[in-house]
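Below: the structure, in structure tokens.
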Amino acid sequence: MLRHLLAATFFFIALLLLTPVLSPAAATPPTRVPLLPAVELLPYADLLLRGQIVDSHSFWNAGRTLIYTDVTLSVDDIYAGAYDTGAHRRLRVRMLGGAIPDENITLATSHSPRLQVGGEY
């Protein structure tokens, strides 16, 4: 039993050490995904809109294991879908990732957009 555990541990360590060498992704530069025109996004979207970021707030989840960011948009146009933005035409979106400046900690995700207050999207 101990021999199998040691062999499995050695294999796992060797795999971790060799992965960067064997992985073709390690030799290729990062890829940029081109932005698609809005008309091409329609089949994939429940809601397609244009607006300006008016507020952004990052916070810990209850277990302090993840950081989320609530982003508030002032909605200018809704191109597809239906959403009641209310009288103030605002929409709040929660995304994984963000920064807690007081604690000097950031959680960045590879597929989340980097939205800036004042930016139009």
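The values are calculated or read from the model by the stated rules, or taken from the named source; none is laboratory data. Just so we're clear, the structure is a prediction, and the values are computed from it rather than from any experiment. Every residue, glycine as well, gets a Cβ built from its backbone with ideal geometry; the counts of neighbours run over all protein chains shown.
Do the conditions hold for residue 51, that is, is it at pLDDT 80 or above, part of a loop (DSSP other than H, G, I, E, B) and under 30 Å from residue 101 (Cα atoms)? When the stated conditions are applied, residue 51 does not pass them.
Looking only at the range 69-84, count how many residues are loosely packed, with under 13 Cβ neighbours inside 10 Å and closer than 24 Å to residue 39 by Cβ. So the count comes out to 5. Taken together, 65, 19, 85 contain a single residue that is polar (S, T, N, Q) and at pLDDT 80 or above, which is 65. In the set (1) under 16 Å from the mean Cα position of the chain (by Cα); (2) surrounded by 13 or more Cβ atoms within 10 Å (Cβ to Cβ); (3) at pLDDT 90 or above, the condition left unmet by residue 92 is number (2).
Exactly one residue out of 87, 62, 99 is among the small types (Gly, Ala, Ser), out of contact with any Phe, Trp or Tyr (no Cβ under 9 Å at 6 or more places or on another chain) and surrounded by 10 or more Cβ atoms within 10 Å (Cβ to Cβ): that is 99.
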